[in-house]
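Trainee: After the structure tokens below, expect a handful of questions from me.
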Amino acid sequence: MIEVRPFCGDPADLAAFINACWNDRYLARDLIPTYSAADLSWQMLESPDRSFHLAAYDGSQLVGCFLADRVRVRLNGQSVEGTQGSYLSVHPDYGARGVATRLINTLERLHRAHDLKFFLGYVNSSPTSSAYKFWSSFQRTFPKRYRTLGPVQFWMRFLKAGHMASELDNAAEAAGLKVLSLLQPAPAVRAGSPVRPFHSGDLAACHLLLDAEAQRHRLAQLWNAADLRHELAASPVSHTLVSSNGSGVQGFATSFHWPMKGRGRIPAEVIDLLLLHDLSAAGKRELLRSCVADIAARGAWVAVLPRPDFRDAATFLACGFVPVPNVCTLMTLFPSAELDWAGLDGSGLSGAGERGR
Ligand SMILES: CC(C)(COP(=O)(O)OP(=O)(O)OC[C@H]1O[C@@H](n2cnc3c(N)ncnc32)[C@H](O)[C@@H]1OP(=O)(O)O)[C@@H](O)C(=O)NCCC(=O)NCCS
């Protein structure tokens, strides 16, 4: 008999479980994320409230998981609380037996019990992917419990394009990357740059920038100080750079370790929060170039930047990024009837990246 309850085991076991579930069902060309205990702990498991980190057990055996954390968003001017999550995984031996459905139903019951108004998540847009097939079928069966909010585009900056080429299963993409590796210089930091590592005294200024950014969007994450401190503080898997002149912090960029799997392991980082609005065009390029140079220095082969749209394209192209449209879709599960999603079709979540937390 399958039982669903909050996960309280070893992060290394959960990371290995998720990797095994995904590796089995995706091909090299799908470039899926691959997790370590440290990455998963930073992204989710260090959260003080684990009530929404759901695991399914058959006796003592872990057979499924679906992890979410509370999140507050500004939706069309209204502040509402829900959850954001990811990592829905079911052991291949337990597929098509309703385990995923039980995990989703348990999360929905918890939402009702805690008066949470929505769940936000990302779904792979490739029609052949396990995620797309599962959620398309779920949406057809339960149209009121699933709503598509908008596409997520990736900007990708290849730092070791030649190495990447050998990991890909697609000959045309591999050839393109080999050409790119000859044309693109390695990213470098300019002497006298106003960009420097974040320190704890920058927290309030960064928070203000995020709150101001939230006012400019229909849907944006509203951060609390504790979660933002966790996001911005340097750790073995996460880093923040701020752009600061005499009048204070004007922009910042966070990134975290996010290795992927092609034929083998691909060292990669996600650029998560990127606050550019108050910077000049040159300042935007300076912050992004510095961020990419740091990521390259840490050994990543590629930096990935998810965005709801292609705004600031001139900055990304000038810094060597390549646009990859429609990689995944932002969706909401069990949205409360009173929420106003007007005008949201085609726009995404600002102020939050791929992290569940
Ligand atoms: C996507 C995933 C989580 C689905 O897990 P699952 O436990 O097989 O899902 P369910 O059993 O709840 O539903 C899958 C199908 O089995 C069917 N099913 C459910 N219970 C069943 C039962 N008792 N007997 C037969 N079929 C059943 C469901 O109706 C569904 O069919 P449909 O897609 O035709 O509607 C799993 O395939 C997985 O781990 N994939 C890799 C990771 C991934 O891509 N995750 C998604 C991240 S967004």
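No value in this document is a laboratory result; all are computed from the given coordinates. No experiment lies behind these values; they were computed from the predicted model shown. Cβ coordinates were reconstructed from backbone atoms using ideal geometry, including for glycine residues, and neighbour counts include every protein chain displayed.
Trainee: For region 78-217, with equal point scatterers placed on the C-alpha atoms only and solvent neglected, what are the log10 I(q)/I(0) values from the Debye formula at q = 0.12, 0.14 1/Å, to two decimals?
Mentor: Debye output, listed in q order: -0.90, -1.05.
Trainee: Something else: When only Cα pairs under 8 Å and 6 or more residues apart are kept, what is the percent relative contact order across region 2-147? Working shown, then result.
Mentor: On the way: 191 pairs, mean separation 30.5, N = 146.
Contact order relative to length: 21 percent.
Trainee: Between region 49-113 and region 230-250, what is the separation of their alpha carbon centroids in Å?
Mentor: Between the Cα centre of region 49-113 and that of region 230-250, the gap is 31 Å.
Trainee: If only Cα atoms are counted, what is the Rg of region 155-328, and what is its Dmax, in Å?
Mentor: 16.3, 50
Trainee: In a shell of Cβ-Cβ distance under 11 Å around residue 236, excluding residue 236 itself, what net charge do Lys and Arg (+1) and Asp and Glu (-1) give? Could the numbers behind the result be given before it?
Mentor: Working: positive: 298; negative: 39.
Its environment carries a net charge of 0.
Trainee: Helix 11-25 versus the longest principal axis of the chain: what is the Cα-based angle in degrees, 0 to 90, to the nearest 10?
Mentor: 80
Trainee: Under 19 Å between alpha carbons, and skipping anything fewer than 8 positions from residue 160 in its own chain: which lysines qualify?
Mentor: Within the straight-line limit of under 19 Å, residue 160 reaches these lysines: 178, 261.
Trainee: What nm distance separates the two modelled labels at residue 196 and residue 61, each placed 7 Å from Cα along Cα→Cβ?
Mentor: About 5.6 nm, to one decimal.
Trainee: Let me ask something else about it. Just round it to a whole percent: the fraction of Cα-Cα distances in the chain exceeding 27 Å.
Mentor: Working: 29353 of 63546 pairs.
I get 46 percent for the Cα pairs in the chain exceeding 27 Å.
Trainee: Follow-up question, since we're still on this one. Give me the aspartates and glutamates in straight-line cross-link reach of residue 284: C-alpha distance below 14 Å, same-chain residues under 8 apart excluded.
Mentor: Cross-link targets: 312.
Trainee: Oh, and also: Using a Förster distance of 22 angstrom, determine the FRET efficiency expected from the C-beta separation of residue 76 and residue 125, and round it to 0.05.
Mentor: 0.35
Trainee: For residue 3 and residue 101, calculate 0.36 nm times their separation in residues minus their Cα-Cα distance, and state this gained length in nm to one decimal. Walk me through the numbers on the way to the answer.
Mentor: Working: separation 98, 0.36 × 98 = 35.28 nm, distance 1.25 nm.
Stretched fully, the residue 3-residue 101 segment lengthens by 34.0 nm.
Trainee: Put +1 on the Cβ of each Lys and Arg and -1 on the Cβ of each Asp and Glu in the chain; which of 220, 1, 232 then has its Cα farthest toward the positive end of the dipole?
Mentor: Most positive-ward Cα: 220.
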